[in-house]
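The values are calculated or read from the model by the stated rules, or taken from the named source; none is laboratory data. Keep in mind that this is a model prediction, so the values were computed, not measured. Cβ sites come from the backbone with ideal geometry, for glycine too, and all protein chains shown count toward neighbours.
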Amino acid sequence: MTSIRLLVGLGCVATGFFVAGCDSDSPKKPPPSDPRPVADSAPYLCDFVPERALRLVTGLDVALDARWSGPQTDNGLCLAHAKSRNAPLGVRWSYNNGDNVVEEQRKGWSGTADQPIPAELGKGLAVPTASDATLRPNYVISVFSCGKKRPWISIDFAPVVRGRDAVRDMVDFMRIAERRFGEIHKCTPRPS
């Protein structure tokens, strides 16, 4: 009887080691976030957002297809579509009503953790939301001067990888977007 108990006990210990060693059903740890800052480099999505930087920040590894909704005369809307999922990036710009749009956004996001953007980028805000219900929870908008016009740009994108500073990433994206806007529209971006 003692030898049977000993065998059963050893079997349980061996089984315990086997199960612990096979741990295939346990959730995998997410990859560590990449601490590198957002860098400006081609190619660009929606003309303003560096694709490599967006992938670094969000961890996206799917093909993206960026398309403007039509001709861009005094405004534009672009979405970067991904196969079998909703667009993880949206970009809008316009020469119209920038101050009103920023103010409406500020009111709409009141009660959230919205942050002012640096003064050298113009007038605007960055809003990181932690909501899983929001497709593109990172939103940044700025109105600035470019030549004799006052355009505004908004960028919203997928959640950032855990460990990244979403506000810093949004500000970096806006800095690049304003510079690219100036190159494309032949003007020099300045604070509004």
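Quick look at the values:
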read-out: Single match in Arg150, Arg175 (criterion: touching a helix residue (DSSP H, G or I) at 6+ places or on another chain (Cβ under 6 Å), modelled with pLDDT of 95 or more, buried (at least 16 other Cβ atoms within 10 Å of the Cβ) and of a type in the set (D, E, K, R)); value: Arg150
read-out: Any chance Ser26 is at pLDDT below 95 and over 17 Å from Val167 (Cα atoms); value: yes
read-out: Residue match in region 133-148 (condition: assigned to a loop (DSSP other than H, G, I, E, B), on the phi > 0 side of the Ramachandran plot and in contact (Cβ under 8 Å) with a residue 40 or more places away in the chain); value: yes
read-out: Subset tally (residues that are within 20 Å of the chain's Cα centre (by Cα) and among the charged types (D, E, K, R)) for region 93-122; value: 2
read-out: Given (1) in contact with a Ser or Thr (Cβ under 6 Å, 6 or more places away or on another chain); (2) part of a helix (DSSP H, G or I), number of the condition Arg175 does not satisfy; value: (1)
read-out: Region 48-81 - residue that is of a type in the set (Lys, Arg) and part of a helix (DSSP H, G or I) and, of those, farthest from the chain's Cα centre (by Cα); value: Arg52
read-out: Subset of region 153-165 (residues that are in contact (Cβ under 8 Å) with a residue 40 or more places away in the chain, of a type outside the set (Lys, Arg) and surrounded by 15 or more Cβ atoms within 10 Å (Cβ to Cβ)); value: Ile153, Ser154, Ile155, Asp156, Phe157, Ala158, Pro159, Val160, Val161
read-out: Single match in Arg136, Arg150 (criterion: touching a Gly at 6+ places or on another chain (Cβ under 9 Å), of a type in the set (Lys, Arg) and more than 23 Å from His81 (Cα to Cα)); value: Arg150
